[in-house]
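Heads up: the structure comes next, in structure tokens.
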Amino acid sequence: MSDLAFFVPAALGTVAVLVRLPSLRRNRHDPLLRAVVVFLLTATGVFCFGATSVIVKVNEVTGVPNFAAPLLYSILMACCGSGIILIINWRGGPPARVRRATRWCAGTYAALAVAMFTLFALGDAPVERLEDLDTYYANTPFIREMIVLYLTGHSAAAVVMATLCGRWLSGVSRELRAGLGLLIVGFTLVLGFDVCKFAAVGARWAGADWDVLSTEAARPFVTVSFCFILLGFGVPLIVQRFKEPWRDWTRYHRLGALSRLLHGLTPTTAVVRMPLLSTVGVRRLHRESGIHDGLLTLNPYFDLALRARALAGALAEGATDEDAAADADAVMVIAAVDALRADPEREVIASSRELQTGPGEERDLVRISHALVRALAGDPGRPTPGRGRA
């Protein structure tokens, strides 16, 4: 397989690390953030040191044939351990239990990494093998154990991480559920890599030659699985980053009809102009504030009897309680706007002593806005409220 299949994921991992570094500098003691960065670093290292050209360079620099093998396997063990630690910290729980599980996992995979170099030092692998070391040395003492140990540690990590993600699926948000699903797919593909490797090594033990499983079939699993795992960790973070602005924009848009109807009802001195570069959250708050001010201005003109009749009529037609209340509020607001415009001297406002009970902060403004659109659409003789700043 071309080194491009290794360098592309390594480049993606590097970009992901660079994106997270500013956050890590600001929150150095955040265990979850540290786990994310360590996992991305080790995963990037696996792809970088797994490329054939890098393997050749490592062997050349150290002067030891196949020294790149225990180095790569040790980085792989670090990646496995950091991946499990990331899932543990991400899922959370009692701090003492999280710290205990983190220490246990880190200690186990650190020991496996040390074992890689120890077994390599005890074994004899004089012939440099760039792509088929697993099968070429499948029957060599100590090197054989090193190969089995790294495959076992890798498989165990994939099973543990997929299991943790599967147990966490229930009771989480949709974006987190999607991320966990992608992670489960990624870790399952990791097992596909291990199955191919184990089958090829087992075939050598049985005197057969299934090397193609190790050299050709296994490698694509690594690249594809990394993409799924990267997406699995990234999707919840990306969605969370844009979820609140999207909610603000959606609410801002849905309040448009009500905002346009009430625009201009408050005194001009109360109108606050929005800066051009205001965020959508600020614009949403400004629109809601304008609506509440408009409803407060209309309050003396609210015809509660009209609202009661409209509510009864909507309920009689089979509307839900929420929709019926919104329809009744919309009818009352439209009538109040007409009444206010028919009272240019604001005599009703001047003579009012107290506020009536009507649509305000306790009402669902979005439902009222939608009901307003329906009410205006059902009255073709009435002009649609003009667009204004809100």
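The values are calculated or read from the model by the stated rules, or taken from the named source; none is laboratory data. Because the structure is predicted, anything quoted here is derived from the model rather than measured. Neighbour counts are summed over all protein chains in view; Cβ atoms, including those assigned to glycine, are modelled from backbone coordinates with ideal geometry. Heavy atoms of the whole protein, side chains included, go into the accessibility calculation; ligands, DNA and RNA do not. Shrake-Rupley method; radii C 1.70, N 1.55, O 1.52, S 1.80 Å.
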### Query
What about Arg346, is it at pLDDT 70 or above and open to solvent by 90 Å² or more (accessible area, probe 1.4 Å)?
no
#### Entry: Number of the exception - Leu265 against (1) open to solvent by less than 70 Å² (accessible area, probe 1.4 Å); (2) in contact (Cβ under 8 Å) with a residue 40 or more places away in the chain; (3) assigned to a helix (DSSP H, G or I); (4) not polar (S, T, N, Q)
(3)
### Message
I want to confirm something. Restricting to the stretch 56-91 and keeping residues that are among the aromatic types (Phe, Trp, Tyr) and closer than 17 Å to Ala158 by Cα, which single residue is surrounded by the most Cβ atoms within 10 Å (Cβ to Cβ)?
### Response
Tyr73
### Verdict on Ile55 being of a type in the set (Val, Ile, Thr), closer than 29 Å to Glu216 by Cα and assigned by the TED database to the domain that holds His154
yes
### Task
Exactly one condition in (1) under 36 Å from the mean Cα position of the chain (by Cα); (2) outside any helix (DSSP H, G or I) is not met by His154; state its number.
(2)
### Task
Take Gly186 and decide whether it is in contact with a helix residue (DSSP H, G or I) (Cβ under 8 Å, 6 or more places away or on another chain) and in contact (Cβ under 8 Å) with a residue 60 or more places away in the chain.
no
### Query
Looking at the stretch 245-253, is at least one residue of a type in the set (Phe, Trp, Tyr), closer than 29 Å to Val366 by Cβ and surrounded by fewer than 17 Cβ atoms within 10 Å (Cβ to Cβ)?
yes
### Task
Starting from the stretch 106-129, keep only residues that are within 19 Å of Ala158 (Cβ to Cβ) and among the small types (Gly, Ala, Ser), then list their pairs with residues that are open to solvent by less than 40 Å² (accessible area, probe 1.4 Å) and part of a helix (DSSP H, G or I) whose Cβ atoms are within a distance under 6 Å, requiring at least 6 positions of separation or different chains.
Ala106/Gly81; Ala113/Ser74; Ala113/Met77
### Query
Given (1) open to solvent by less than 30 Å² (accessible area, probe 1.4 Å); (2) over 23 Å from Trp210 (Cα atoms); (3) touching a residue at least 60 places away in the same chain (Cβ under 8 Å), where does Val172 come up short, assuming only one miss?
(3)
### Task
Restricting attention to the stretch 104-134, report how many residues are under 25 Å from Gly81 (Cα atoms) and either surrounded by 20 or more Cβ atoms within 10 Å (Cβ to Cβ) or not assigned by the TED database to the domain that holds Val56 (or both).
9
### Query
Can you pull out the residues in the stretch 185-203 that are surrounded by fewer than 20 Cβ atoms within 10 Å (Cβ to Cβ) and under 16 Å from Leu230 (Cα atoms)?
Val185, Thr188
### Query
Which number in (1) under 22 Å from Val159 (Cα atoms); (2) at pLDDT 90 or above marks the one condition that Val38 misses?
(2)
### Task
Report yes if some residue within the stretch 128-141 is over 41 Å from the mean Cα position of the chain (by Cα), assigned to a helix (DSSP H, G or I) and closer than 18 Å to Thr215 by Cα; otherwise report no.
yes
### Query
Which of the residues spanning the stretch 278-316 are open to solvent by 30 Å² or more (accessible area, probe 1.4 Å), of a type in the set (D, E, K, R) and part of a helix (DSSP H, G or I)?
Arg283, Arg284, Asp293, Arg307, Arg309
